[in-house]
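Structure record follows, encoded as C-alpha cells.
Every number here is computed from the coordinates shown, using simple stated rules; none is lab data. Since we're looking at a predicted model, the values are computed, not measured. Reconstructed Cβ throughout: ideal geometry from the backbone, glycine too, with neighbour counts over all protein chains shown.
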C-alpha cells in the first residue's frame with residue numbers, strides 16, 4: 001500500500017493555476033505579471049513593462065499604492081475580525097480601485113488571482129467585498145462598473161468558507177528567445 005505525498009497534489013494545483021492564468025486575456029496576463037514585479041521588486045518594472053510615458057506613470061503610481069501591501073499583509077483580519085475592518089478594508093478597497101481603474105482586470109477571477117498572490121491566502125474572505133466596493137466606485141464608467149459587478153458569481157460572493165492553501169504558480173516575465181541565435 002502506498003501513501004500519497006503532497007508533491008503530486010502540488011503539481012496538480014500548479015497546473016490548475018497555470019491553466020487559469022492562461023485563460024485570461026493577454027493584457028490581463030501582462031498586468032498581473034507587471035503587478036507582481038511592482039509588488040515584490042522583481043527585476044525593474046519600469047524597464048520591463050513601460051512601453052511609453054503613460055505606462056511609466058501608471059507603474060510609478062502603482063508602486064506608490066503597492067507600498068501599502070506589506071502593512072496590509074500583516075493586518076489581514078480573520079474572517080470574523082470585524083474590529084479590524086476599517087483600517088484593512090479602507091486600504092484594500094483603495095488599492096483595488098486603482099487596479100480596476102487600470103482597465104486590465106476584466107472581472108473577479110483575474111482580480112482574485114492577482115490579490116491571492118499580492119496578499120496571500122488569508123485575504124480570500126475579504127476579496128469579494130473589496131472587489132464589489134471598488135467596482136461600484138464612481139471613478140469607473142457605468143458600463144465598466146456593470147461588467148465588473150456582473151463578473152462575480154453568486155458562489156464567490158456567498159462562499160461559506162475559503163481555502164487556506166497558498167498559491168503555487170507565480171507568473172513572471174519571460175524573455176523571447178531568438179530562434180536563429182538559439183540554433
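Numbers below:
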read-out	value
Mean separation of Cα contacts under 8 Å, 6 or more apart, over the residue count of region 6-182: relative contact order %	25
Most mobile listed residue (157, 97, 57) in the chain, GNM with C-alpha springs under 10 Å	57
Spatial extent of region 102-163: Rg and Dmax, with the Cα atoms as the point set, Å	11.4, 33
Alpha carbon Rg of region 24-183, scaled by the compact-globule rule 2.2 N^0.38 Å	1.09
Of 114, 82, 14, the one that fluctuates the most in a GNM where the chain has Cα springs shorter than 10 Å	82
Contour excess over end-to-end distance, with Cα ends at residue 85 and residue 22 and 0.36 nm allotted per residue	19.3 nm
Likely footprinting exposure, 123, 38, fewest C-beta neighbours within 10 Å first	123, 38
Segment residue 150-residue 56, length gained on full extension (0.36 nm per residue, minus Cα span)	30.8 nm
Ranked 86, 20, criterion: other C-beta atoms within 10 Å, fewest first	86, 20
